[in-house]
1. Take the conditions assigned to a helix (DSSP H, G or I) and under 25 Å from the mean Cα position of the chain (by Cα) and apply them to residue 415. Does it pass?
2. Please go through segment 39-68 and give me each residue that is modelled with pLDDT under 80 and more than 16 Å from residue 26 (Cβ to Cβ), ordered by number.
3. Condition test on residue 331, is it touching a strand residue (DSSP E or B) at 6+ places or on another chain (Cβ under 8 Å), surrounded by fewer than 19 Cβ atoms within 10 Å (Cβ to Cβ) and at positive phi?
4. Mind checking which residues of segment 369-412 are in a helix (DSSP H, G or I) and in contact with a helix residue (DSSP H, G or I) (Cβ under 7 Å, 6 or more places away or on another chain)?
5. What's the number of the only condition in (1) surrounded by fewer than 22 Cβ atoms within 10 Å (Cβ to Cβ); (2) in contact (Cβ under 8 Å) with a residue 12 or more places away in the chain that residue 140 fails to meet?
6. Report yes if some residue within segment 336-347 is without any contact (Cβ under 8 Å) to a residue 24 or more places away in the chain, within 25 Å of the chain's Cα centre (by Cα) and surrounded by fewer than 16 Cβ atoms within 10 Å (Cβ to Cβ); otherwise report no.
7. Just one of 325, 329 is in a loop (DSSP other than H, G, I, E, B) and over 24 Å from residue 117 (Cβ atoms); which is it?
8. Given the conditions (1) within 30 Å of residue 191 (Cα to Cα); (2) touching a helix residue (DSSP H, G or I) at 6+ places or on another chain (Cβ under 6 Å); (3) surrounded by fewer than 16 Cβ atoms within 10 Å (Cβ to Cβ), and given that residue 357 satisfies all but one, which numbered condition is not satisfied?
């Protein structure tokens, strides 16, 4: 309680950013983000100012926290203070000493997420981590259990890709024709062994934080799970046979000789240019289209739960006349396929295929946000749906058609479909 004279409307304000149990405080120094003030209508008490001229005279205000938790704070306060007057025009009344203690209690009121359907989990959002500046907070046990459930389902769905498709030999470099699978940078590593866990497991070790206001919105994951197929190519596919290598070396020597002749002014610059063009043309003859080879030898796969925006749901088209709406995969709403095409810059745009599970509007040809041709569709969510329910899934693929077909043949789509609320 405040001493006599400090009315009920007065208070003690303690604003501390340090993480220690013992804190020395001055006013107007590098730690002036720490602040203590006592006040009534007549007087105020604050920490002393730092004396630059006479450092030996500096005596701080000291706080010791014996308890600091969500529901209880206990502390002692001692040593030096500055007393200011609030009468008339106010002023500094000098320094003094203080000794006292404080003990505060409260009943914590925590936010709660929705319950994970079919799971007896704790929806309380305990503020283990609270980062308002970056809009991040710790997740509830129900949110952790949902993350765990999705991780396990994705693992089960792609397990055969690693066992039956990926190269598992020891040769280095990996032989041509073999397929290597790696994780996309920033995605959760799903190459670890499949672990059978309880349905409501919350011992999730990936991504233990979430957006501050995410408990108010339908759960969405646009980029957490992804992997990349790489089909190894050999020298012959690259046009680099032993003979062609030797030929290229001879051409390089000839080009170097011609350059030296031009520099010695034995031939004109125009003659040098013609010779250079000739050798470059012959060097490139028989070379494969490397851009096309790259597009055919890579495949990117991403799994998206509860897509959150129209741009992520659409398929960008290079040639809208060749787009196909398919129903080849059991249980899918539809698939959208856009075949590989060469653009105006001579680059190849990879095959694109999106596989949709759940409820979506029928796909129509339209425009993306950037003005590109696209096949668009929108996810359908209930007005007051549970925030921790999976309503739709999109599997996005981009790359070579043969790799795409191999992946589709080995993915267990049922493991993912079983996540969707029926």
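1. yes
2. 39, 40, 41
3. Yes, satisfied.
4. 406, 407, 410
5. The one condition residue 140 does not meet is (1).
6. No - not one qualifying residue is present in segment 336-347.
7. The match here is 329.
8. It fails just one condition, (3).
The values are calculated or read from the model by the stated rules, or taken from the named source; none is laboratory data. This structure is a prediction, so every number in the text was calculated from the model and none was measured. All Cβ positions, even for glycine, are placed from backbone atoms using ideal geometry, and neighbour counts span all protein chains on display.
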